[in-house]
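All of the numbers you see were taken from the coordinates with simple rules; none came from a lab. Since the model is a prediction, treat every value here as computed from it, not as a measurement. Cβ coordinates were reconstructed from backbone atoms using ideal geometry, including for glycine residues, and neighbour counts include every protein chain displayed.
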Ligand SMILES: [Ca+2]
């Protein structure tokens with residue numbers, strides 16, 4: 001009797017010692033408890049609009065059979081957003097939010113945040129890899145390297161990052177899949193019992209969109225690299241997006257922005273041939289991503305791990321590629337502010353759909369909730385597990401977005417129910433614009449220019465009379481006021497350090513911008529030339 005409590009302890013020490021020698025970071029006690037803990041496979045694409053995918057746009061010609069299967073087996077979120085960016089490199093804050101569960105102005109890299117105590121120091125110790133390592137998960141990551149969150153990324157126990165945007169398996173998306181497959185095979189060989197958290201990221205379809213030759217051919221596209229000529233027209237190319245415009249009607253406030261001026265294959269062009277070719281390239285890269293996702297899912301199934309794995313498919317933000325006459329990710333229209341978000345796993349109703357109203361910064365809280373882990377105190381996200389379990393349709397009503405990587409104060413938006421307000425206060429007051437949309441009636445955010453017969457002839461889409469910007473329509477003056485006051489409320493509550501022309505200044509002294517602090521550029525021109533987010 002006296003020996004019985006000792007024996008398991010001795011055994012445990014022995015097993016821990018053996019596992020330590022074998023290089024495995026956890027021990028038998030945790031392994032026993034891990035029997036029911038779910039695995040997590042978090043898949044994130046780089047620059048992908050939800051409207052590229054059939055799950056969001058059934059008429060899209062992009063073939064993604066594996067992502068479609070995920071959608072059929074799980075839940076599709078119609079209201080998944082990233083909170084925005086204070087830098088032309090939109091990827092960077094987005095990826096910080098995913099990892100840390102912090103709101104945009106309280107990120108460690110937000111202008112003035114650390115100095116003003118809006119973000120505690122060493123927050124990387126409260127990010128996904130750190131939290132899941134401490135909880136006894138085996139954490140693994142593969143993704144791109146640049147414009148991310150290095151301090152958190154390096155905490156994954158196993159990490160294989162590289163920028164893979166080439167048109168073959170060694171230099172493209174297959175490389176990332178191979179790293180995951182290697183890892184899974186190794187787990188099987190050494191019979192690891194710990195649950196895994198795999199962060200499976202891609203470097204594509206972010207430009208340069210050099211697709212695999214057979215997929216480029218399928219979408220009628222070429223890797224066009226000559227700025228002096230147009231790419232060939234090809235009827236297999238995707239049609240122009242319904243909200244395509246040959247130009248955005250006013251400067252959006254970021255002169256010289258890389259994504260709007262220098263992306264190879266597009267440059268400043270918005271003509272039909274250029275945009276359709278570039279969409280073909282985007283789709284070639286996205287179909288390849290789908291293939292790679294399929295390979296990993298097949299392996300998980302063969303290993304018998306699929307039923308106990310939560311799978312999330314998303315992107316760090318959307319992208320325009322011709323929509324509204326824009327090319328990049330530095331705007332707040334739905335095609336860019338929203339992200340694709342599909343979740344599959346135990347307890348999630350197959351073929352379900354929810355509004356969700358989630359931010360990417362809710363991922364940390366949700367993964368913790370699904371795994372039975374206490375989220376860190378620094379987390380600001382809301383777990384949407386109740387949405388995944390069908391108990392709720394949404395976790396918040398009001399959503400806020402920012403882009404001010406160019407001139408300040410920049411753009412802001414707010415959404416509540418069907419209504420969305422976007423305001424632009426850029427170029428030293430030269431551009432002060434307001435857009436008000438009812439997204440139920442005008443989901444593609446058509447503006448006056450979409451009604452131009454020449455544009456209609458190109459897109460084949462004739463918006464209805466009320467599908468316009470409603471900001472100056474006297475019938476919606478009250479709604480506009482209501483949304484403007486909601487925006488101010490959100491800006492105050494999220495500690496946005498700027499105010500727009502029509503808001504009280506609240507006694508704020510705006511921080512020096514991150515761009516200026518870096519000594520790269522004052523108006524946001526030069527930095528963004530480098531800021532391939
Ligand atoms: Ca990105």
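Descriptive notes on the structure:
- Taking 366, 261 and counting other C-beta atoms within 10 Å, the order from fewest to most: 261, 366
- Distance between modelled label sites at residue 250 and residue 268, nm, 7 Å Cα→Cβ extension: 2.1
- Based on Cα atoms of the chain, Rg over Rh with Rh as the Kirkwood radius reads 0.98.
- For the chain, DSSP calls about 50 percent of its internal beta bridges antiparallel.
- Put the Cα centre of region 55-89 next to the Cα centre of region 359-400 and the gap is 18 Å.
- Amide N proximity, region 410-428 versus residue 493 label position 7 Å along Cα-to-Cβ, cut-off under 20 Å: 412-423
- Ranked 67, 358, criterion: other C-beta atoms within 10 Å, fewest first: 67, 358
- Region 300-423: C-alpha gyration tensor shape, a/c 1.5 cut-off, then a/b vs b/c: prolate
- Between residue 69 and residue 477, the contour length at 0.36 nm per residue exceeds the alpha carbon distance by 142.5 nm.
- Paramagnetic reach from residue 374 (point 7 Å along Cα→Cβ, amide N under 13 Å) across region 84-120: none
- Helical contribution to [θ] at 222 nm, DSSP H n ≥ 4, -39,500 (n - 2.57), averaged over the chain, rounded to 500: -8500 deg cm²/dmol
- In this label model, residue 457 and residue 391 are separated by 5.8 nm, measuring between points 7 Å along each Cα→Cβ vector.
- Remark: 399, 361 ranked as 399, 361, counting other beta-carbon atoms within 10 Å and listing the fewest first.
- Label positions at residue 109 and residue 465, each projected 7 Å from the Cα along the C-beta direction, are separated by 4.9 nm.
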